[in-house]
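Values in this text are rule-based calculations from the coordinates and carry no lab data. This is a predicted model, so every value here is computed, not measured. Quick reminder, even Gly has a Cβ in these numbers, built from the backbone with ideal geometry, and neighbours come from all protein chains shown.
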């Protein structure tokens, strides 16, 4: 799907001078896919345009799936600032009698649409690539099965995709959901619940990971006019949608997870990198990665244009990254250049991402020469003298972008399968060159 071409292997060129760069990263994947769902389920007599939308494999998969579900949506990916248009006459959950959807390895598309299709009437099947068939979704299926008129099951009986939803629509009621593996299960229910015939009360059973993504979902639902009442810690009552048209134009923020690689480059190389369009009031929790860099010794400057990180002597830290777990691997690369060990805690759930990110990060940093102690919920990275080598990415975009950071300081680092960045950031390697001035 990517409009870029990639080699099989990409050597990373070390930086001779500390970077002094300003970078604009593309739109947030998390916000883009939430906005696509919200716009798709809205009744409108006005068009809705999403500006600054991310063009990537994950978002193209979502657009294609919505189109297959009969929702009119037009993506203008060719523009300098990509946008997605939902023309007049929103369809508010009017879905075909059946659909067979392929979502590649897009976790947000799989989880969000599993709940969305439950608002329809018919039989729906969702499948993906081999890795998606290993990613658990049973907690969401169990929640959907508590709703009258919905039958949701794993086709192979193993709690992973392919999943099948047989439904007569969501009537309303009370749902208990486990969200210790992924907050996307809860976000999926929240996004679909306004289309129910009666209010839906959603109660989280046990731990909730990556809570900032739930805050993001709730703030975006409010922008679309959906009423959600928080009844207590991790209990939500979602009221039936009453025809609010939503925004005519919704601007997608730049992706804070993508920004983390450029901020980390400044940290590692002692330079200055500004990422435009982001501030600490962002919808995205991952903007707080700059606070972690500040703990390590960087100087962070916020201005009207964006956030700038100034590198400095780095020290190891001990940090709970549950709320910003998409930046664990970015920090793993930075930790290799700190004085003293860095311990990352409370991120067991990232073992269920595009790859087992704890095991994969530990394996590749060890190849490069770092000492790594792996635990069930995280790892400790002890800096050692590093030597460049070819590193594997496990078809995981974040592995590729994070490990490239090591190559800014260590000669001989080669990224295998660099094209996996197309999942969320197709133009990453072109923007990467901006670090060279």
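At q = 0.20 Å⁻¹, what log₁₀ I(q)/I(0) does a Debye calculation on the Cα points of segment 96-168 give, no solvent, two decimals?
Taking Cα atoms of segment 96-168 as identical point scatterers yields -0.72.
Wrap a convex hull around the Cα atoms of the chain, take a quarter of its surface area, and give that in square nanometres. Write down the numbers at each step before the final one.
Values: hull surface 75.0 nm².
Its average projected convex-hull area is 18.7 nm².
Computed over the Cα atoms, what is the radius of gyration of segment 273-402 divided by 2.2 N^0.38 Å, N being its residue count? Display every interim value, and only then the final one.
Working: Rg = 14.6 Å, N = 130, 2.2 N^0.38 = 14.0 Å.
It is 1.04.
For q = 0.10, 0.21, 0.23 Å⁻¹, what log10 I(q)/I(0) does segment 233-335 give under the Debye formula with an equal point scatterer on each alpha carbon and no solvent?
With one equal scatterer per Cα and no solvent, log10 I(q)/I(0) is -0.35, -1.03, -1.20.
Where the eigenvalues come from the Cα gyration tensor of segment 133-263, what are the semi-axes √(5λ) of the equivalent ellipsoid, largest first, in whole Å?
Values: eigenvalues 115, 91, 43 Å².
For segment 133-263, the semi-axes come out at 24, 21, 15 Å.
Tell me, what does the Kirkwood hydrodynamic radius of segment 129-204 come to in angstroms if you use every pair of distinct C-alpha atoms?
Numbers: mean 1/r = 0.0790 Å⁻¹.
Taking the inverse mean of 1/r over all distinct Cα pairs, segment 129-204 comes out at 12.7 Å.
Given a 10 angstrom Cα cut-off, can you work out which residue in 30, 257, 176 is the most mobile in a GNM of the chain?
It is 176.
Compute the convex hull volume of the Cα atoms of segment 36-153, divide it by the residue count, and report the result per residue in Å³ as a whole number. Can you show the working numbers first?
Numbers: hull volume 11.5 nm³, N = 118.
Spread over its residues, the Cα hull of segment 36-153 gives 97 Å³ apiece.
Return the ratio Rg/(2.2 N^0.38 Å) for segment 290-365, where Rg is computed over Cα atoms only. Could you put the intermediate results ahead of the total?
Details: Rg = 13.3 Å, N = 76, 2.2 N^0.38 = 11.4 Å.
Cα-based Rg divided by the globular estimate yields 1.17.
Percent of Cα-Cα pairs per 5 Å bin, from 0 to the last occupied bin, for segment 323-373, please list those.
Bin by bin from 0 Å, the calculated values are 4, 20, 33, 26, 13, 3, 0.
Over the Cα atoms of segment 341-437, each weighted equally, I'd like the Debye log10 I(q)/I(0) at q = 0.11, 0.15, 0.23, 0.24 Å⁻¹, rounded to two decimals.
Listed by q, the Debye log ratios stand at -0.33, -0.61, -1.25, -1.30.
Quick check on the exposure proxy: order 187, 56 from fewest to most C-beta atoms within 10 angstrom. List each step's numbers first, then the result.
Numbers: 187 27, 56 30.
So the residues, fewest neighbours to most, are 187, 56.
Please rank 221, 401, fewest neighbouring Cβ atoms within 10 Å first, as an exposure proxy.
Working: 221 21, 401 28.
If I rank by nearby Cβ atoms, fewest first, I get 221, 401.
Over segment 29-229, what portion of Cα pair distances is larger than 20 Å, expressed as a whole percent? Each step should come with its number before you reach the end.
Numbers: 10475 of 20100 pairs.
Summing the P(r) of segment 29-229 above 20 Å gives 52 percent of all pairs.
Can you say what percent of the DSSP beta bridges in the chain, counting only those with both residues inside, are antiparallel? Round to 5.
Numbers: 46 of 70 bridges.
Here the antiparallel bridges make up roughly 65 percent for the chain.
Taking every DSSP beta bridge that has both residues in segment 29-229, what percent is antiparallel when rounded to the nearest 5? If you can, show how the numbers build up before the last one.
Values: 17 of 28 bridges.
Bridges in segment 29-229 are about 60 percent antiparallel.
Which value in deg cm²/dmol, rounded to the nearest 500, describes the helix-derived mean residue ellipticity at 222 nm for the chain, given -39,500 (n - 2.57) per DSSP H run of n ≥ 4 and division by the residue count?
Helix contribution divided over all residues of the chain: -8000 deg cm²/dmol.
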